[in-house]
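**Student:** Have a look at the structure that comes next, please.
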Amino acid sequence: MTKFLLAVHVLAAIVAVGPVTVAASMFPPAARRFLAAPDDERAGATVRLLHRICQVYAAVGIAVPVFGFATAGAMGVMGDAWLIASTVLTVLAAGVLLVLVLPRQEVLAEGGGSREITVRLAMFTGIFNLLWATVTVLMIVRPGSTTGA
């Protein structure tokens, strides 16, 4: 059962977090193009699509920690420092996405905002991506783990 839970956890991370990180990274330059040409329907459609991808896959992303906790429970590593650190960073990443990234994307997707907002958005997106990269490294390296993997 542990291998199944781990496989689902990893697949959920790839399928859910991957699209969010890519779409969120593509959003600021697409928003700048849309701000430069507000009548360009294609630029507007691109921005709205990228925002929708981020919203949908952020919601699907809840499966990652759900299966992660199930896997950690099955492996008996719930109290390990690497897992606690990963959990804290995952909560921070979710907070950055929900509080700093998605609301700014919403403003820009609706045709509002400015170039300065896209610059801040790019920074917040970079922080989000860095947090997820750190979680990924912790999940692979598992410093201090005694599970033998």
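**Student:** Would you list the P(r) distribution for the stretch 83-149, with all Cα-Cα distances sorted into 10 Å bins from 0 and each bin expressed as a whole %?
**Tutor:** P(r) for the stretch 83-149, in whole percents per bin: 21, 39, 22, 13, 5, 0.
**Student:** Considering the stretch 28-149, what Rg and Dmax in Å follow from its alpha-carbon atoms?
**Tutor:** 17.8, 58
**Student:** Testing the spin-label approximation: label points 7 Å from Cα along Cα→Cβ at V66 and R115. State their distance in nm.
**Tutor:** For the pair V66/R115, the computed spacing is 4.4 nm.
**Student:** Between M123 and A45, what is 0.36 nm times their sequence separation minus the Cα-Cα distance? Round to one decimal in nm.
**Tutor:** 25.8 nm
**Student:** Can you list the HN-Hα couplings for the stretch 60-70, worked out from phi with the Karplus curve (6.51, -1.76, 1.60; θ = phi - 60°), rounded to whole Hz and with x for Gly and Pro?
**Tutor:** Karplus-based 3J(HN,Hα) across the stretch 60-70 equals 5, x, 4, 5, 4, x, 4, 6, x, 5, 4 Hz.
**Student:** In whole Hz, with x marking every Gly and Pro, tabulate ³J(HN,Hα) for the stretch 13-27 from phi via Karplus 6.51 cos²θ - 1.76 cosθ + 1.60, θ = phi - 60°.
**Tutor:** Ordered by residue, 3J(HN,Hα) equals 5, 5, 6, 8, 6, x, x, 5, 5, 6, 4, 5, 5, 6, 5 Hz.
**Student:** Quick one: pull the percent of accessible area on the stretch 35-103 belonging to carbon and sulfur, 1.4 Å probe, ligands and nucleic acids left out.
**Tutor:** It is 70 percent, rounded to a whole number.
**Student:** Run the helix sum for the chain: -39,500 (n - 2.57) per DSSP H stretch of 4+ residues, divided by residue count, reported at 222 nm to the nearest 500 deg cm²/dmol.
**Tutor:** -25000 deg cm²/dmol
**Student:** Here's another thing I want to ask about it. Can you give the FRET efficiency for T134 and T2, using 1/(1 + (r/R0)^6), R0 = 35 Å, r = Cβ-Cβ distance, to the nearest 0.05?
**Tutor:** Computed FRET efficiency for T134 and T2 comes out at 0.90.
**Student:** Tell me, rounded to the nearest percent, the portion of alpha carbon pairs in the stretch 1-87 spaced more than 17 Å apart.
**Tutor:** Result: 58 percent of Cα pairs exceed 17 Å.
**Student:** Under the Karplus relation 6.51 cos²θ - 1.76 cosθ + 1.60, θ = phi - 60°, what is the ordered set of whole-Hz ³J(HN,Hα) values for the stretch 35-48, x standing for Gly and Pro?
**Tutor:** 5, 6, 9, x, 8, 6, 4, 5, 5, x, 5, 5, 4, 5
**Student:** What nm distance separates the two modelled labels at R33 and M78, each placed 7 Å from Cα along Cα→Cβ?
**Tutor:** About 4.8 nm, to one decimal.
**Student:** With every protein chain present, what is the per residue accessible area of the stretch 4-56 (1.4 Å probe, Å²)?
**Tutor:** 55
**Student:** Can you give the accessible area per residue of the stretch 62-148, in Å², using a 1.4 Å probe?
**Tutor:** 52
The values are calculated or read from the model by the stated rules, or taken from the named source; none is laboratory data. Predicted, not measured: the structure shown is a model, and the values here were computed from it. Backbone-built Cβ (ideal geometry, glycine too); neighbour counts: all protein chains shown. Just so you know, the surface numbers come from the protein's heavy atoms only, side chains and all, with ligands and any DNA or RNA stripped out. Shrake-Rupley method; radii C 1.70, N 1.55, O 1.52, S 1.80 Å.
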